[in-house]
């Protein structure tokens with residue numbers, strides 16, 4: 001019998017925000033995989049580290065994290081075959097994913113390659129919009145409010161079209177797109193009141209009015225309320 005592929009959401013950064021089920025599985029699963037930079041453990045492994053006992057088979061999925069993502073397909077293809085070898089041998093494998101596995105989650109790259117071959121289960125995690133809203137104490141929606149989730153990688157016309165009908169929005173993957181997004185929000189009259197949240201729930205998190213921010217890392221987002 002083959003093993004089961006687990007997508008494990010490990011939340012936004014604070015190790016205390018992992019679910020009880022995620023912590024149990026980190027202790028029980030024999031094989032763990034996660035996305036990692038070319039050197040070092042990476043964010044996912046670092047978040048989960050307090051809950052990972054010694055003796056695991058570990059599979060870091062090495063990525064350059066270049067904006068063009070030209071190594072993504074090969075890296076996840078190679079990792080999927082390594083993971084498949086363990087699953088074929090009957091070993092369950094957990095793929096760690098920051099936030100939630102199915103919300104902009106790196107786990108999806110593995111899922112798409114293996115879901116037709118092996119049983120799959122997913123453990124939800126706290127996603128970055130939920131964490132950022134909590135840290136900033138900014139409600140995202142109430143009653144019939146519509147919330148837009150918008151990648152800053154979209155062009156200005158697309159972002160504007162998604163913002164216009166929404167009551168509130170979360171603009172993600174801001175990083176190097178900050179200046180362009182700020183200019184667009186200012187043009188739409190939405191800059192005042194917009195809040196930037198960087199590295200939510202971590203010790204070095206920043207929460208500031210967007211108008212006061214001049215730079216943001218990849219691990220950041222913008223909360224917009226009309």
### Query
Hey, any hits in the stretch 153-168 for a residue that's under 28 Å from residue 95 (Cβ atoms) and either touching a helix residue (DSSP H, G or I) at 6+ places or on another chain (Cβ under 9 Å) or surrounded by 21 or more Cβ atoms within 10 Å (Cβ to Cβ) (or both)?
yes
**Request:** State whether one or more residues within the stretch 178-201 are in a helix (DSSP H, G or I), touching a residue at least 40 places away in the same chain (Cβ under 8 Å) and either buried (at least 19 other Cβ atoms within 10 Å of the Cβ) or not assigned by TED's automatic domain parsing to the domain that holds residue 98 (or both).
**Result:** yes
Going by the structure shown, is residue 159 assigned to a helix (DSSP H, G or I) and in contact with a strand residue (DSSP E or B) (Cβ under 7 Å, 6 or more places away or on another chain)? yes
Here the residues within the stretch 16-56 that are exposed (fewer than 13 other Cβ atoms within 10 Å of the Cβ) and either outside the structural domain of residue 95 (by TED's automatic domain parsing) or not in a helix (DSSP H, G or I) (or both) are 38, 39, 40, 53, 54, 55
*Go through the residues of the stretch 86-106 one by one and say whether even a single one is over 26 Å from residue 19 (Cα atoms) and surrounded by fewer than 19 Cβ atoms within 10 Å (Cβ to Cβ).*
yes
For the stretch 1-15 the number of residues that are surrounded by fewer than 18 Cβ atoms within 10 Å (Cβ to Cβ), part of a loop (DSSP other than H, G, I, E, B) and touching a helix residue (DSSP H, G or I) at 6+ places or on another chain (Cβ under 6 Å) is 1
Among 33, 22, the single one that is touching a residue at least 24 places away in the same chain (Cβ under 8 Å), closer than 19 Å to residue 63 by Cα and within 19 Å of the chain's Cα centre (by Cα) is 33
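The values are calculated or read from the model by the stated rules, or taken from the named source; none is laboratory data. Because the structure is predicted, anything quoted here is derived from the model rather than measured. Every residue, glycine as well, gets a Cβ built from its backbone with ideal geometry; the counts of neighbours run over all protein chains shown.
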